Amino acid sequence: MKQARSAAVVAIAALAGGAGIASAQTLSLGDIYVKGFGGATWPSNFDTTLKEDGEQIASPSFDYDTGYTLGVAVGAAITPNFSMEIEYSHRSADVEITDGDDDDESVIANGDTSANALMVNAIYMFDGMGATGAMRPYLGGGIGGAKVETSIPDQDYESDTLLAYQVFGGVGYDLNPNVNLYAEGRWFQTESGRFDGPGGDNYDDKFETFDLLVGMRYSF
């Protein structure tokens, strides 16, 4: 009976050790992965000058509600801690446009702003933490291009493709050697550009957001 108990203890220890090794596995050189993510976005409010044929016609203020972000990416491990990826993301948020010259801040229009971005990201994932090493913090940054559009009734203001950049950080948890769940915070911004609307109307500004995201990565 004593020998049986000893054998059981050894077997349980071996299984626990094996589970810990599986949980702590990292990406290997050349591993390919795909991931999807989504969450909330908070665009920065801004004031601008609306022009027509170079002349100022209004001073609108853009006040944003909380919006959403969705995205997908495909990447490859360069080392067990460093990876590169290509990412597509879509952001959208409702906006209230008020007259900045009016003390009462009367509403000019309600609409929404959307941004579609294609980015190249570099990510550094730290070594695993916790008893099994399954929890892995990471930091990253990216650069690319984004096209931004603000739509209000009967009017669309659209930018050319703008230079965009982002930094982010979070923590992932390895469910198994292939599946990682993660949560992150992200700051995203475009360069300043011109937004062209109907009848020659235009304004200059940039698009900036802070995102809180959750996602899943699958490694092949």
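The values are calculated or read from the model by the stated rules, or taken from the named source; none is laboratory data. In this text the structure is predicted, and so the values were computed from the model without any measurement. Cβ coordinates were reconstructed from backbone atoms using ideal geometry, including for glycine residues, and neighbour counts include every protein chain displayed.
Quick notes
- Criterion violated by Phe37 - all others in (1) touching a Leu at 6+ places or on another chain (Cβ under 9 Å); (2) at positive phi satisfied: (2)
- Considering only residues in region 53-70 that are under 17 Å from Asp205 (Cβ atoms) and among the hydrophobic types (A, V, I, L, M, F, W, C), the one that is modelled with the highest pLDDT turns out to be Phe62.
- Residue pairs meeting the criteria (Cβ under 8 Å; at least 6 apart or on separate chains; first more than 18 Å from Val171 (Cα to Cα), in region 63-83; second part of a strand (DSSP E or B) and aromatic (Phe, Trp, Tyr)): Tyr64/Trp42; Thr66/Trp42; Gly67/Trp42; Thr69/Phe37; Leu70/Phe37; Val74/Tyr33; Ala76/Tyr33
- Selection count, region 49-91, where residues are surrounded by fewer than 18 Cβ atoms within 10 Å (Cβ to Cβ) and within 22 Å of Gly145 (Cβ to Cβ): 9
- Scanning region 163-178 for residues that are surrounded by fewer than 18 Cβ atoms within 10 Å (Cβ to Cβ) and either of a type in the set (Asp, Glu) or in contact with a Pro (Cβ under 7 Å, 6 or more places away or on another chain) (or both) yields a single hit, Val171.
- For region 102-149, filtered to residues that are part of a loop (DSSP other than H, G, I, E, B) and touching a residue at least 24 places away in the same chain (Cβ under 8 Å), the residue that is nearest to the chain's Cα centre (by Cα) is Phe126.
- Screening Thr132 on (1) touching a helix residue (DSSP H, G or I) at 6+ places or on another chain (Cβ under 8 Å); (2) among the β-branched types (Val, Ile, Thr); (3) at pLDDT 95 or above shows it passes everything except condition (3).
- Among the residues of region 150-189, those that are of a type in the set (Val, Ile, Thr) and touching a residue at least 24 places away in the same chain (Cβ under 8 Å) comprise Thr150, Ile152, Val167, Val171, Val179.
- Taken together, the criteria place Lys2 among residues that are out of contact with any Cys (no Cβ under 7 Å at 6 or more places or on another chain) and modelled with pLDDT under 50.
- In region 150-162, residue modelled with the highest pLDDT [restricted to those that are acidic (Asp, Glu) and either crowded, with 16+ Cβ neighbours inside 10 Å or in a loop (DSSP other than H, G, I, E, B) (or both)]: Asp160
- Of the residues making up region 179-217, those that are under 21 Å from Gly145 (Cβ atoms) and exposed (fewer than 14 other Cβ atoms within 10 Å of the Cβ) are Glu191, Ser192, Asp204.
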